1. Over segment 46-94, one equal point on each Cα, no solvent: what is log10 I(q)/I(0) by the Debye formula at q = 0.24 Å⁻¹?
2. In whole Å, what are the Cα extents of the chain along the three principal axes, biggest one first?
3. Hey, if you put +1 on the Cβ of every Lys and Arg and -1 on every Asp and Glu Cβ in the chain, which of GLN259, ILE136, GLN157 ends up farthest toward the positive end of that dipole?
4. Enumerate the amide H contacts of LEU151 below 5 Å, restricted to partners 5 or more residues apart or on another chain; note that Pro and chain-start residues carry no placed amide H.
5. Would you be so kind as to identify which of LEU56, HIS109, LEU227 lies farthest towards the positive end of the dipole of the chain, taking Lys and Arg as +1 and Asp and Glu as -1 on Cβ and the Cα centre as origin?
6. Compute from the Cα atoms of segment 23-63 the Rg and the Dmax, the latter being the longest Cα-Cα distance, and quote both in angstrom.
7. Taking a threshold of 18 Å on the Cα-Cα distance, which of the pairs LYS79/LYS154; LYS42/LYS82; LYS166/LYS228; LYS42/LYS65; LYS154/LYS205; LYS205/LYS228 fall above it?
8. For the full complex of protein chains and a 1.4 angstrom probe, list HIS74, HIS287 by accessible area with the highest value first.
Amino acid sequence: MENKFSIQRSFKGLKTAGSLYLVPTPIGNMQDMTLRSLETLKTVDLICSEDTRNTLRLLNHFEIKVPQESFHEHNSQEKIPKLIDFLKKGQSIAQVSDAGMPSISDPGHDLVKAAIEEDIAVVTVPGASAGISALIASGLAPQPHIFYGFLPRKSGQQKQFFESKKDYPETQIFYESPHRVADTLGNMLEFYGDRSVVLVRELTKIFEEYQRGKITELLESISETPLKGECLLIVEGASQEVEDKDEEDLFSEIQNRIQEGVKKNQAIKEVAKIYQWNKSQLYAAYHDWE
């Protein structure tokens, strides 16, 4: 598909015929279901579910009778044409994951792209997201951050991943199985060093837990008490030594970023932040130099 400029203006009400709704579901606590999510699920014509059995428990809890369609990573490519035809006939669809925001760790992104290609409105209903919810309570810097989702399972691929990300200054967010957390932290220690990390377990559930400390400290804790439940890892970004650069060097770096496609004001902002310059002063100096 060729990229093309487009504008979507979505009706702010609860139902627009022929729209695809991305509806978040609770990540553990049923009370996290929003009124708008409930009303949307009640009024659409079809609900696409990652696992219809899990979603049925949610629908039964809130007495929602809308039919479901199975939609997951193993059948998404087969189902998308059928769902797009359904939407083009003026019917509305809500897509849900087993928990949290759709499209984050499920095939919803492919359905969204297909809908956009057909000029079908895509409407997001805000709600629970495990990665962001854990980040803001972690105590590590929330901005900037990078969300990676699930890590590679094979040790060799995981080590290559950490090798490529070890110098990133952003706080990093990962999902991980409780059975693999210890091995993952061991691989991370090899490439990241003994950074601060937060292990978040059973978020929003009765046994919600945050373990905060250095990687070695968490490894020791895990060895004494095996983990259960859904886990996230929030990892401190790489520390950056601030280089003492003169104005000419900063101007050159700004120009390099502009040549890479970054807008001028954004390039100045980024360079000022990295080298701890006053943004307004650098902006004025760069424009005088131009």
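The values are calculated or read from the model by the stated rules, or taken from the named source; none is laboratory data. Bear in mind that the values here come from a model prediction, so they are computed numbers and not experimental data. Because the Cβ atoms are built from the backbone with ideal geometry, glycine has one as well, and the counts that use them run over all protein chains shown. The protein model used for the area step is the full one, side chains on, heavy atoms only, and it has no ligands, DNA or RNA in it. Shrake-Rupley method; radii C 1.70, N 1.55, O 1.52, S 1.80 Å.
1. Relative scattering, expressed as log10 I(q)/I(0), comes to -0.89.
2. 65, 56, 34
3. ILE136
4. TYR175
5. LEU56
6. 9.6, 26
7. Correct reply: LYS79/LYS154; LYS42/LYS82; LYS166/LYS228; LYS154/LYS205.
8. Sorted descending by solvent-accessible area, the residues read HIS74, HIS287.
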